[in-house]
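Quick notes on the structure that follows.
Read-outs throughout are calculated quantities, based only on the coordinates presented, and are distinct from any laboratory measurement. Quantities reported herein were computed from a predicted structural model and do not represent experimental measurements. Every residue, glycine among them, receives a Cβ derived from its backbone with ideal geometry; neighbour counts consider all protein chains shown.
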Amino acid sequence: MNTCYVNICYLTCVHLRLSTATLVTMATPSIDSGHATAERRRYARGEGDRLRTDLLDAAIELMAQHGTIDGVSLRAVARRAGVSPTAVYRHFDDHLDLLRESVAECWRHFYEIMAAAAESSDNPFDAFRAAGDAYVRFAMEHQGQYRILFSNRIHLDMTDVGLPDSMSPPDGVSDAGISAFQVLVELVEAILVRNGDDRDAFFVAVQVHTWIHGMVDLMGCHPDAQWPAIESLLDGLSTALALDPT
């Protein structure tokens, strides 16, 4: 097993350690969860899946706003979803289970988008570009989820969370984020093989990821700046890292 896999969480700012303690509070302004109220709604019989989705969405929004799980109480999540706290226990064992499943939901969403892009073409260069577009689109359209995965440090034990079989980490590595990153590694590897390039695919994939993350993070922090077109930035990435056809 490539030992670099063990440290990829740190390289990509993904921090889902095997601990339930929140160790870091980000500089994101504190949000008073009590103000995020919603009108209490009643769910009809058979709408349990909808309630579960609403609770996950509410938890994701609160974690993204806080930048940590501190203050994201079960009551705050229920209030955000417009239901009573007791309704949460119909779908989750406890407060921690709700938060863990919420982070896992973010990973599922990101992985599905990246995997679909990777499978969109048999041409490795086209698939790589599609994945780059998908990454940026996810970051811009789902900024809260992106912050949870790559910008904010959310420390939760994810070892027992149910993820799709296709997201099983390689060689038994326990981090859920590895599986999404592995999509990028395989895309880069396919390009290197096609170009007869003997560079390490993992190393180049880390370069790609940090490059794109820097782009979208800066754009998210300073949306009114006069940024070059994202297409031009992605073209520049491929050229600079020698990932264009040779």
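Annotations
- In terms of packing, defined here as the mean over residues of other Cβ atoms within 10 angstrom, the peptides 104-112, 186-194, 84-92, 221-229 line up highest first as 104-112, 186-194, 84-92, 221-229.
- The ranking of 62, 74 from fewest to most other beta carbons within 10 Å of each one's beta carbon is 74, 62.
- 3J(HN,Hα) along segment 192-204, derived from phi through the Karplus expression 6.51 cos²θ - 1.76 cosθ + 1.60 where θ = phi - 60°, amounts to 4, 5, 4, 8, x, 9, 9, 5, 6, 5, 4, 4, 5 Hz, with x in place of Gly and Pro.
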